[in-house]
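Q: Before we start, here is the structure in question, set down as structure tokens.
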Amino acid sequence: MNDMTTIERAVTTSEKKIDAKGVNVHYADTHAIKNVDVEIDDKTVTAFIGPSGCGKSTFLRCLNRMNDTIDICRVTGDILLDDEDIYHPKVDPVQLRAKVGMVFQKPNPFPKSIYDNVAYGPRIHGLAQNKADLDDIVEKSLRRAALWNEVKDRLDKPGTGLSGGQQQRLCIARAVATSPEVLLMDEPCSALDPIATAQVENLIDDLRSRFSVVIVTHSMAQASRISQKTAFFHLGELIEFGDTTQIFTNPVDPRTESYITGRIG
Amino acid sequence: MPLIWIIAIVLALGAVGYMLGRQRAMASAGGDIRRLHSLPVYYGTNVFLFSVVPALLVLCVWLMVQPSVIQSRVTEMIPESAATSAGELSLIMTDVRRVADGLDRAVGQGALTADEANNLRAEETNIRESLGAIGVALGSDVTPEVLSAAQRYRSLSSAGNLAMASAIIALSALGFAYAYLRTTRDFRARNTVEKAIMAILILASSIAVLTTVGIVLSMILETADFFELYDWRQFFFGTEWIPSFEGGSELGLLPLLWGTLYITIVALVVSVPVGLFAAIYLAEYAGPKTRSIAKPLIEVLAGIPTIVYGLFALITVGPMLRDYFAEPMGFGTSSSSVMTAGLVMGIMLIPFVSSLSDDIINAVPQSLRDGSYGLGATHSETIRQVILPAALPGIVGAILLAASRAIGETMIVVMGAGAAARLSLNPFEAMTTVTVKIVGQLTGDTDFSSPEALVAFALGLTLFVLTLGLNVLALYIVRKYREQYE
């Protein structure tokens with residue numbers, strides 16, 4: 001009997017990657033996130049949808065403590081990554097961010113060569129033993145980001161010289177290179193054209209086999225195409241969270257239905 | 001007519017033109033603004049610009065040309081026997097101008113009538129005495145030639161002034177009439193004003209450019225005179241600087257250039273790390289409150305006059321360095337040294353480096369910082385590997401600006417490093433710089449035809465080329481990185 005429960009728990013923990021309970025975020029006097037509970041499973045894509053200003057990006061930034069860089073931001077509640085509280089004083093946010101990578105809304109390649117952009121994370125975390133190792137990591141990351149074939153002959157050219165879609169894939173490669181366990185994406189396709197968007201979406205689907213991906217998106221179509229779980233935020237509250245198919249075909253809350261059918265937001 | 005009156009009349013014409021232009025435009029549209037091509041303001045401004053700008057421009061040119069024309073006309077009157085050299089001639093002309101001014105003043109005070117002033121005879125009146133009585137001191141007795149030249153000078157200038165006044169006012173009125181008559185409902189006043197504004201802006205920028213050209217030209221001419229008197233090889237490659245106004249000077253550039261570069265290097269070694277680190281702290285670590293206090297405090301350093309820094313070097317830093325470093329370590333006993341001047345100059349340059357670098361670091365987009373933090377980089381890793389490379393072109397620009405300041409600095413060097421030209425590696429020895437020697441060669445009584453005085457221009461030109469080279473280098477670096485990173 002005892003053995004059974006242990007096994008059962010092992011299964012659940014391997015599936016649940018992040019468990020957020022009762023999260024509240026305040027920006028000075030503004031209450032941006034109100035008591036949000038979300039569970040994010042491993043090796044799935046979770047989409048956050050909702051109208052602008054509903055707090056979905058803010059919540060995303062709580063998951064790797066990026067909000068720490070904003071002075072006036074205060075986060076309360078529990079966020080557990082593999083059952084460890086990431087806001088525990090013992091946790092170093094810098095190490096946490098190596099485990100929970102992030103891709104931003106606007107492509108932000110560093111003013112360095114393509115190679116150095118991808119090698120940035122591995123270098124600061126000492127992930128490569130030698131140059132050959134690093135070369136290998138860079139190539140694998142670029143391949144995973146479906147960018148290798150386009151840039152393999154100009155790895156020493158500046159990353160800022162790439163097109164917008166290429167830059168965003170470079171940023172994804174850069175995030176992938178540190179081998180994170182969770183990848184957070186804040187509207188990664190909002191600055192891209194449809195073709196680049198399709199490439200990035202395919203990429204996200206591939207990445208699911210290795211990490212759990214959390215993506216904030218404004219496009220309901222995108223959420224339904226690429227995610228398995230969807231969370232709908234409205235005015236700082238989590239209105240509904242469940243399987244993507246259920247949310248889009250049979251939403252429980254009338255507000256969710258209004259949003260996905262285009263009546264609000 | 002005094003100048004101020006001419007300008008006042010022109011401006012008054014312009015103001016009247018503004019009002020009338022507006023009224024005429026409104027009248028031609030029957031009082032309905034919507035039927036006008038431009039807003040009424042533009043019609044008024046158009047008339048104003050046409051009445052004022054050409055007149056004032058011509059006035060400027062006239063003011064510059066008239067004295068030299070009169071000068072050359074009057075110079076013809078001085079017999080060649082009286083002035084054998086250019087120097088003597090210019091002395092006589094100075095006298096002529098003084099006498100003319102004195103006569104003006106006498107007439108102004110009522111000591112002489114205008115007729116009397118024009119008909120004075122040097123043989124009959126003692127001009128020196130009578131002018132002395134109203135407070136115009138003359139160095140020597142006035143010869144008949146000088147007096148008649150002065151009288152001619154007066155009559156020419158008064159004729160010139162009259163011509164100028166009438167020409168300027170006529171031009172102003174002409175511009176007024178032209179612009180006023182063109183003011184109709186369909187006249188495109190807005191476009192004309194736009195063009196006029198552009199022309200004024202172009203004029204302003206070309207004044208700056210032309211001034212630079214003028215400075216360079218005057219330096220080049222004087223330098224050419226110098227190299228006629230002194231061998232250029234000895235100047236550029238000479239290692240001795242022993243000027244002597246009795247002749248036989250050694251005027252070698254190298255000791256001065258070495259002193260300049262040595263002090264500049266010491267100053268940069270002090271100011272660049274301190275300034276840059278201060279900038280990084282202010283831009284990246286300091287909270288808004290600390291920043292709002294610390295930044296102005298650092299910038300106060302930039303407002304201290306260099307002579308005060310010089311005093312600081314002379315009475316504090318110099319003796320301290322001598323007592324605690326130079327003497328115990330056996331480097332010498334001089335309190336004025338390259339180290340003293342370099343250190344103090346470095347302190348002076350800190351705000352230049354920090355203030356500019358701070359602005360540049362702040363201009364690095366937040367998205368780059370987020371990207372770096374998002375990958376698990378620490379604050380200082382982010383600064384070293386992302387922010388500084390992105391800000392590099394600007395920082396290099398700031399450093400080179402500081403270097404240009406250091407090269408051109410004079411006061412701190414005189415008081416901190418002394419005035420002895422020397423080629424030495426010992427930083428605790430007194431040395432001097434190009435700028436100090438330029439001042440040294442041109443103070444006191446100087447004869448502008450001797451190599452000892454003219455060498456100042458050659459030194460100045462060298463300095464100019466040096467800083468120009470630095471600026472070009474800065475531009476090149478900034479361009480190169482900008483291409484790569486944007």
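Since every read-out is calculated from the coordinates, none of them should be taken as a lab result. Just so we're clear, the structure is a prediction, and the values are computed from it rather than from any experiment. No Cβ is skipped: glycine too gets one built from the backbone with ideal geometry, and neighbour counts run over all protein chains shown.
Q: Less than 15 Å Cβ to Cβ from B:Asp370, Lys/Arg counted +1 and Asp/Glu -1: what total charge do the surrounding residues give?
A: On the way: positive: A:Arg61, A:Arg65, A:Arg97, A:Lys106, A:Arg174, B:Arg369; negative: A:Asp68, A:Asp71, A:Asp186, A:Glu187, B:Glu284, B:Glu381.
Spelling it out: positives minus negatives among the neighbours equals 0.
Q: Using Cα pairs under 8 angstrom and six or more residues apart, how large is the relative contact order of the range B:227-288, in percent?
A: Details: 40 pairs, mean separation 13.2, N = 62.
With pairs under 8 Å counted, the relative contact order is 21 percent.
Q: Follow-up. Based on the mean of other Cβ atoms within 10 Å per residue, sort peptides A:195-204, B:220-229, B:403-412 so the most packed one is first. Could the numbers behind the result be given before it?
A: Working: A:195-204: 18.0, B:220-229: 15.1, B:403-412: 22.1.
Order by mean packing, descending: B:403-412, A:195-204, B:220-229.
Q: Now for a different question. Given the peptides B:352-364, B:322-334, arrange them by the average over their residues of other C-beta atoms within 10 Å, most packed first.
A: For the peptides B:352-364, B:322-334, the packing ranking is B:352-364, B:322-334.
Q: So what's the gap between the Cα centers of the range B:412-462 and the range B:319-356, to the nearest angstrom?
A: The range B:412-462 and the range B:319-356 have Cα centres spaced 20 Å from each other.
Q: Non-local amide H neighbours of A:Leu184 (under 5 Å, H modeled in plane, Pro and chain starts lacking H): which ones?
A: Those qualifying (amide H under 5 Å, at least 5 residues apart or on another chain) are A:Gly101, A:Met102, A:Val103, A:Val214.
Q: Taking θ as phi - 60°, what are the ³J(HN,Hα) couplings along the range B:61-71 by the Karplus curve (6.51, -1.76, 1.60), each to the nearest whole Hz, with x for Gly and Pro?
A: 4, 4, 4, 7, 7, 3, x, 6, 5, 4, 3
Q: May I ask you to order A:237-248, B:422-433 by the average number of other C-beta atoms within 10 Å around their residues, highest value first?
A: Working: A:237-248: 18.0, B:422-433: 20.7.
My ranking of the peptides, most packed first, is B:422-433, A:237-248.
Q: While we're here: Using only Cα atoms, locate the centre of the range A:208-265 and the centre of the range B:162-238, then give the distance between them in Å, rounded to an integer.
A: Using only Cα atoms, the two centres lie 68 Å from each other.
Q: I would also like to ask the following. Calculate the mean, over all residues of peptide A:167-174, of how many other protein chain Cβ atoms lie within 10 angstrom of the residue's Cβ. List each step's numbers first, then the result.
A: Numbers: counts 0, 0, 0, 0, 3, 0, 0, 4.
Averaged over the peptide's residues, the number is 1.
Q: Quickly work out the B:Leu162-to-B:Leu138 label distance, labels modelled 7 Å from Cα along the C-beta direction, and quote it in nm with one decimal.
A: 2.5 nm
Q: For chain A, take the longest principal axis of its alpha carbons; what is the angle in degrees between that and the long axis of helix A:2-15, to the nearest 10 within 0 to 90?
A: Its long axis makes an angle of about 60 degrees.
Q: Additional query: What's the local net charge at B:Ser249, with K and R +1, D and E -1, over the other residues with C-beta under 11 Å away?
A: Working: positive: none; negative: B:Glu240, B:Glu246, B:Glu250, B:Glu452.
With Lys, Arg at +1 and Asp, Glu at -1, the net is -4.
Q: Assuming R0 = 51 Å, can you tell me the calculated FRET efficiency for the pair A:Lys131 and B:Thr446, based on Cβ-Cβ distance, to the nearest 0.05?
A: On the way: r = 66 Å, r/R0 = 1.29.
With R0 = 51 Å, the Cβ-Cβ based efficiency is 0.20.
Q: Related question: So what's the range A:23-260 giving for Cα Rg divided by 2.2 N^0.38 Å, two decimals? All intermediate terms of the calculation are to be shown ahead of the outcome.
A: Numbers: Rg = 17.9 Å, N = 238, 2.2 N^0.38 = 17.6 Å.
Compared with the compact-globule rule of thumb, the range A:23-260 sits at 1.02.
Q: Provide the per-residue ³J(HN,Hα) series for the range B:314-325, in order, calculated from phi with Karplus coefficients 6.51, -1.76, 1.60 and θ = phi - 60°, each as a whole number of Hz, with x at glycine and proline positions.
A: So the Karplus estimates, Gly and Pro as x, are 5, 9, 10, 5, x, x, 5, 4, 5, 6, 9, 10 Hz.
Q: I would also like to ask the following. Looking only at other chains, what is the average number of their beta-carbon atoms within 10 angstrom of each beta-carbon in B:381-387? If you can, show how the numbers build up before the last one.
A: Details: counts 4, 2, 0, 1, 6, 5, 2.
Rounded to a whole number, the mean comes out at 3.
Q: From Cα coordinates alone, what are the radius of gyration and Dmax values for the range B:241-484 in angstrom?
A: Final numbers for Rg and Dmax: 20.8, 74 Å.
Q: For the range B:186-193, just list the computed ³J(HN,Hα) in residue order, Karplus coefficients 6.51, -1.76 and 1.60, θ = phi - 60°, integers in Hz, with x standing in for Gly and Pro.
A: Whole-Hz 3J(HN,Hα) from phi for the range B:186-193: 8, 5, 8, 5, 4, 5, 5, 4.
Q: What net charge do the residues around B:Thr239 carry, taking every other residue with its C-beta under 13 Å from that of B:Thr239, with Lys and Arg at +1 and Asp and Glu at -1? Walk me through the numbers before you get to the answer.
A: On the way: positive: B:Arg233, B:Arg422; negative: B:Glu240, B:Glu250.
Charge balance near B:Thr239 sits at 0.
Q: I've got another one for you. When Cβ neighbours within 10 Å are restricted to other protein chains, what is their mean count per residue of peptide A:111-123? Walk me through the numbers on the way to the answer.
A: On the way: counts 13, 6, 1, 0, 0, 2, 1, 0, 0, 7, 5, 1, 3.
That works out to 3 on average.
Q: Just need the relative contact order of the range B:115-263 here, percent rounded to a whole number, with Cα pairs under 8 Å and 6+ apart. Intermediate results must be reported in sequence, preceding the final value.
A: On the way: 62 pairs, mean separation 14.5, N = 149.
Once normalised by length, the contact order is 10 percent.
Q: Same structure again: Explain nothing, just the number: relative contact order of chain B, from Cα pairs under 8 Å at least 6 residues apart, as a whole percent.
A: Values: 615 pairs, mean separation 77.1, N = 486.
Once normalised by length, the contact order is 16 percent.
Q: In whole Å, how far is the Cα centre of the range A:33-51 from that of the range B:88-113?
A: A separation of 94 Å, based on Cα centres.
Q: Here's another thing I want to ask about it. Taking amide hydrogens as modeled 1.01 Å from N in the peptide plane, which residues meet the under 5 Å criterion relative to A:Ala47, leaving out close sequence neighbours?
A: Residues meeting the amide H criterion: A:Ile215, A:Gln228, A:Lys229, A:Thr230, A:Ala231.
Q: Ok, one more. If you take the C-alpha gyration tensor of the protein assembly as shown, multiply each eigenvalue by 5 and take the square root, what semi-axes do you get, largest first, in whole Å?
A: Details: eigenvalues 1095, 335, 95 Å².
Those come to 74, 41, 22 Å.
Q: Per residue of chain A, what 222 nm ellipticity follows from adding -39500 (n - 2.57) for every DSSP H run with n ≥ 4, rounded to the nearest 500? Walk me through the numbers on the way to the answer.
A: Values: 11 runs with 106 residues, N = 265.
My calculation for chain A gives -11500 deg cm²/dmol from helical runs alone.
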